[in-house]
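Please read the structure below before turning to the comments.
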Amino acid sequence: MLDNLNMIVQRDPENALRVASEQWKQILFSADILNPEHDGREIKNIIIAGMGGSALAGLIIKKWLEDDLLLPIEIVRSYNLPRYANHNSLVIVNSYSGNTEEAISMLEDAIKRGCQIGTVSSQGKIETISNNKSIAYVKLPPNLQPRMAVIYNFRALTKLLLNFNIIDDYKHHEIEKYVNFIKKESVSWGASIKTENNLAKQIALYSAGRNALFLSSNLFSPVAYKWKISWNENAKNVSFWNEYPEFNHNEFIGWSSQPTEKLFAIFNLKSKLDNPRINKRFEISDKLLLGKRPKTHNIILKGESLLEQVLWGSILADFASIYLAILNNNDPTPVELIEKLKIELAK
């Protein structure tokens, strides 16, 4: 069914598959900064403020820099900054649309508290405020869904971190090493590649008619979260995610109860970079839950580094979820309920 190109064109009228196939190009985004000047103050903590796909880039940054920085990084998805935010906090407010009300609220909060500030958006009120207040600002290319602009967001965040002397130039450019690999892998998931050789199509076909659960290590939790986002917004399907070892302390028991017939597609997102104890938890959990939940399917993240594997897993999530949307006869691109929610909130 997913090898029928005519059907794909009909059910994907805004060509979400093309957008997914070109995400590798975002790796080369220059992320030029407007108003880059700053006072060089000491930074004692970093706050990345945003929602949904915009927050996801921050979660990836946090894991990627975990072993490199002594400064704490917190990802805030709310209306207000933590109480500790002050003159020595670097607050980066990230909203693809530039009009996300939570992000605007946190930007206004950061200005009131005298924080060091950077901003990221494609347009909107955040761009206006940044220009009026001479805030360091990266303008993203417009006309994408935020979930499909994660790499743009990542590049913008690293450029701002470089600008404020948090990371060095080498770290900012690390992602560029992976462009050829990600481009090649993206081609292998394209619509013209038959299902028998296309991992993304195979995942979608297995998932049809089931709610999905994505499990990963804590290290790769942003990837599991990305799969949930893609399933929710592209496929319009309910899905969940969790991470090891936390899974074994609560949800693990939940799978042991009735009914034994559970319509779930369960995926283990596994990596050779995971702690060996995490791999053992995957194996033992699968063994002890055998017959109590559907058999798990392993997705082995490809790549040599954490960032390379995150990129690989994130783009695969978009391809697979778009194919699932096509199977569900849903247009993968629009998120009409979110737009209606925004209208209602504005009243």
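The values are calculated or read from the model by the stated rules, or taken from the named source; none is laboratory data. Every value quoted in this text rests on a predicted model; they were computed, and no experiment measured them. Note that each Cβ is placed from the backbone with ideal geometry, even for glycine, and that neighbours are counted across all protein chains shown. Ligands, DNA and RNA are stripped out before the accessible areas are found, and what is left, the full protein with its side chains, is counted by its heavy atoms. Shrake-Rupley method; radii C 1.70, N 1.55, O 1.52, S 1.80 Å.
Overview of values
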| read-out | value |
| --- | --- |
| Pair list, Cβ < 6 Å and 6+ apart or interchain, from the range 222-235 residues that are closer than 12 Å to Ala57 by Cα to residues that are open to solvent by less than 10 Å² (accessible area, probe 1.4 Å) and polar (S, T, N, Q) | Val223/Ser216 |
| Residue list for the range 15-35, restricted to those being among the hydroxyl-bearing types (Ser, Thr, Tyr) and farther than 20 Å from Phe181 by Cβ | Ser30 |
| Qualifying residues in the range 204-237 (those that are among the hydroxyl-bearing types (Ser, Thr, Tyr) and within 19 Å of Ser271 (Cβ to Cβ)) - the one surrounded by the fewest Cβ atoms within 10 Å (Cβ to Cβ) | Tyr225 |
| Per-region count, the range 237-289, residues assigned to a loop (DSSP other than H, G, I, E, B) and more than 27 Å from Ala208 (Cβ to Cβ) | 6 |
| Elements of type helices (runs of 4 or more DSSP H) in the range 117-193, at least 2 residues being touching a residue at least 40 places away in the same chain (Cβ under 8 Å) and either in contact with a Cys (Cβ under 6 Å, 6 or more places away or on another chain) or closer than 24 Å to Ser230 by Cβ (or both) | 150-163, 179-188 |
| Residue count for the range 238-282, restricted to those that are among the β-branched types (Val, Ile, Thr) and open to solvent by 30 Å² or more (accessible area, probe 1.4 Å) | 3 |
| Yes/no for Ile300 being modelled with pLDDT under 95 and within 26 Å of Ile151 (Cβ to Cβ) | no |
| In the range 200-214, the residues that are among the small types (Gly, Ala, Ser) and under 13 Å from Asp318 (Cβ atoms) | Ala200, Ala204 |
| In the range 81-117, the residues that are open to solvent by 60 Å² or more (accessible area, probe 1.4 Å) and closer than 19 Å to Leu59 by Cβ | none |
| Tally of residues being crowded, with 18+ Cβ neighbours inside 10 Å and assigned to a helix (DSSP H, G or I) across the range 315-342 | 13 |
| Candidates Ile75, Ile92, Ile61 - the one that is more than 15 Å from the chain's Cα centre (by Cα) and β-branched (Val, Ile, Thr) | Ile92 |
| In the range 300-314, the residues that are assigned to a loop (DSSP other than H, G, I, E, B) and surrounded by fewer than 19 Cβ atoms within 10 Å (Cβ to Cβ) | Lys302, Glu304, Ser305 |
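For every residue, the table says whether it meets (1) surrounded by fewer than 16 Cβ atoms within 10 Å (Cβ to Cβ); (2) part of a helix (DSSP H, G or I); (3) without any contact (Cβ under 8 Å) to a residue 60 or more places away in the chain.
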{"residue": "Gln10", "(1), (2), (3)": "yes, yes, yes"}
{"residue": "Glu14", "(1), (2), (3)": "yes, no, no"}
{"residue": "Ile27", "(1), (2), (3)": "no, yes, no"}
{"residue": "Arg41", "(1), (2), (3)": "yes, no, no"}
{"residue": "Ile48", "(1), (2), (3)": "no, no, no"}
{"residue": "Ile61", "(1), (2), (3)": "no, yes, no"}
{"residue": "Asp67", "(1), (2), (3)": "yes, no, yes"}
